[in-house]
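Everything below concerns the one structure shown next.
All of the numbers you see were taken from the coordinates with simple rules; none came from a lab. It should be emphasised that the depicted structure is a prediction, and the values quoted were computed from it without experimental measurement. Glycine gets a Cβ as well: all are built from the backbone with ideal geometry, and neighbour counts include every protein chain shown.
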Amino acid sequence: MQTSSMELNNLKVLINEKIHNSLIEKYVQVPYLNDDKLYMLTLVLNNTALPDEKKKNYITAAMLVQMALDIHDAVPETNDCLQTDDEVKSKQLSVLAGDYYSSLYYLLLSEVEEVELIRVLATAIKEINEGKMELHYKMNEDSFYISMQLIKKVESLLIIRVAEFTGEKMIRDIAAEWLTIRKLSTARKPSDSGVKEVPLDIWDEHIASKDRQTIETFLNRELRSINHHLVRFPSRLAGLSTELKETLNESLANSRSIAEEG
């Protein structure tokens, strides 16, 4: 039930082949493929009895949706009259690129007659966008913990909806917390070049002003929640439970190391 690096790499190749478009790549920074979400989504589908080809189609479609959402989020909120022609063109193409990626998931699923999953993903997109709007207006009003719960929902909703659609429950119940811990540690971890490996987003914006103890307390609470679910995993998922714990321990160690250095 564990997911191999070869399987993930094969999925990455497939997804990158799907999104390849020379015009878009000329003017738009193609969004990075979120490894953690791909990993979690693959765990979800591998914990079902679906045929391998159907699993691959579901994962690919969901990741195309994720990349469409990511590229729309990356469109700068600026006044076009203050931008150069190339900047305006890049902004317009970014919007179109997001729409293009969305159309690819629709095309893929329509070709294999997965009409119901199209509806599920379309509804998830709507819910995610509504969550982002709510977060935008509440970011400076609510407490850190309330905002983080909303961010957790936005970040994990796509995976949770796919899990619900396929009837998977075990991975679904820990997806939000696992992604949260992984994302928080990544957001605080600089690359070798001193530049973040992922673009600034709502996570970076919100944790930047928080003290170490606040974040540490939040991380510990998330870890307790995950452990509560992992101890209930059936014996057939024992290897997966160990793997998930190891990834979390690594993330927490990195996060605390960065905090101490800072």
Residue-wise HN-Hα coupling along region 113-125, computed from phi with Karplus coefficients 6.51, -1.76, 1.60 (Hz; x: Gly, Pro): 6, 9, 5, 5, 5, 4, 5, 4, 5, 5, 5, 4, 4
Quick note, region 83-122: a/c under 1.5 would make it rounded; otherwise a/b > b/c is prolate and the rest oblate (a ≥ b ≥ c, C-alpha gyration tensor); here it is prolate
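So which of Lys12/Lys183; Lys56/Lys245; Lys126/Lys152; Lys55/Lys183 end up more than 23 Å apart by C-alpha?
On the way: Lys12/Lys183 19 Å; Lys56/Lys245 25 Å; Lys126/Lys152 16 Å; Lys55/Lys183 25 Å.
Table pairs above 23 Å Cα-Cα are Lys56/Lys245; Lys55/Lys183.
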Would you list the P(r) distribution for region 3-68, with all Cα-Cα distances sorted into 5 Å bins from 0 and each bin expressed as a whole %? 3, 16, 30, 24, 14, 7, 4, 1, 0
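When Lys and Arg each count +1 and Asp and Glu each count -1, what net charge do the other residues less than 15 Å away from Glu113, Cβ to Cβ, add up to? Could the numbers behind the result be given before it?
Details: positive: Lys54, Arg119; negative: Glu53, Glu111, Glu114, Glu116.
Surrounding charge for Glu113 is -2.
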What are the ³J(HN,Hα) values, in whole Hz, obtained from phi via the Karplus relation 6.51 cos²θ - 1.76 cosθ + 1.60 with θ = phi - 60°, for each residue of region 46-63 in sequence order, with x given for Gly and Pro? 6, 9, 10, 9, 5, x, 4, 5, 5, 4, 4, 5, 5, 5, 4, 4, 5, 6
Highest first, please rank the peptides 60-69, 5-14 by the mean number of other Cβ atoms sitting within 10 Å of their residues. 60-69, 5-14
